[in-house]
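In what follows, a structure is listed as structure tokens, so that the remarks can point back to it.
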Amino acid sequence: MTVVRYQPWTLFDRLQRQLDQALSSEAGATAGAEISWIPQVDIREESERFVVLADVPGVEPKDIHITADKGVLTIRGEKHAPEMQRHNGWQRVERGSGSFLRRFTLPEGANPDAITAKHAHGVLEVTIPKQPQVRARRIEVEAA
């Protein structure tokens, strides 16, 4: 009997990768580079901000470019391949390199002018502050 591991989100993950690749091919044409990989992200909402954590191991902060335009947050960059050395004619390369791109629609209430980013230990943290909520104000009606 063969045991098959059930992974219900595999189809959705594949669809997400294909959509990201399709969108990145448009961006790659304008940027002059092809997208090689897609970093994994975690997104959370806190009371005062939204936080995007992206795994970008081996990517230098100078090689990461973040833009917020027309309600879309774009994270793009490039991981450079290390110098390869051959030993007795054998070589093995498992770590990927190349360009990456992720795009996210900014949620309503986000303040795109105050977005900040930090890079530490291979994790990029993008902080998107929320705009203060405008509360309804009661207007008193005066007698004439």
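None of the figures in this text is laboratory data; all of them are computed from the coordinates on show. What you see is a predicted model, and the numbers here were worked out from it, not measured in a lab. FYI the Cβ positions are ideal-geometry reconstructions off the backbone, even for glycines, and counts take in every protein chain you see.
Just a few scattered comments:
- Distance between the 7 Å Cα→Cβ label points at Thr67 and Val93: 2.9 nm.
- 17 Å Cα-Cα reach of Lys62 towards lysines, excluding residues that sit fewer than 8 places from it in its own chain: Lys79, Lys118
- Distant-in-sequence amide H partners of Ser36 (H built 1.01 Å from N, under 5 Å): Ser99, Phe100
- Cβ-derived FRET efficiency at R0 22 Å, Leu53 paired with Asp113, nearest 0.05: 0.55
- For the stretch 94-144, the list of trypsin sites (Lys or Arg not before Pro) that fall in a loop by DSSP and count at most 16 other C-beta atoms within 10 angstrom reads Arg95, Arg135, Arg137, Arg138.
- From phi via Karplus (6.51, -1.76, 1.60), per-residue ³J(HN,Hα) for the stretch 99-108 in Hz, x at Gly/Pro: 7, 9, 7, 9, 10, 9, 7, 5, x, 5
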